[in-house]
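Rule-based calculations on the coordinates, nothing more; no lab input. These numbers were taken from a predicted model, which means no experiment stands behind them. Backbone-built Cβ (ideal geometry, glycine too); neighbour counts: all protein chains shown.
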Amino acid sequence: MKSCYDISACIKNALENYFRDLDGEKASGVHRMVTKCAERTMLEVVLKKAGGNQTLAAEILGINRNTLRKKIAEYQLLEGSID
């Protein structure tokens, strides 16, 4: 099993690129941006891995199925998601 270091390294790389690409412009809302991007991506990957089964996806994520449903709606990921 891979450690979270692999994911952390990817996030670190992406953030370094983000700040480099700002080219001196002021950054704003970085925490929200990273959290939303990471959460949406995680949900997409886990739902795909679970074959769209929300009960299984919630189990894999370690969250309540209703919480998952709320996040699916928030990120508009309903296409292809079955229960």
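What FRET efficiency would be calculated for the residue pair residue 8, residue 40, taking the C-beta separation as r and a Förster radius of 22 Å, to the nearest 0.05?
0.75
Relative to the longest principal axis of the C-alpha atoms of the chain, give the angle of the C-alpha long axis of helix 4-22, reported between 0 and 90° and rounded to the nearest 10°.
50
Over all directions, the average projected area of the alpha-carbon convex hull for segment 29-83 comes to how many nm²?
For segment 29-83, averaging the hull's shadow over all directions gives 3.4 nm².
Leaving out same-chain residues fewer than 8 places away, which lysines sit with a Cα under 22 Å from that of residue 71?
36, 48, 49
Angle, helix 30-49 long axis vs. longest principal axis of the chain, Cα atoms, 0 to 90°, nearest 10?
It is inclined by approximately 30 degrees.
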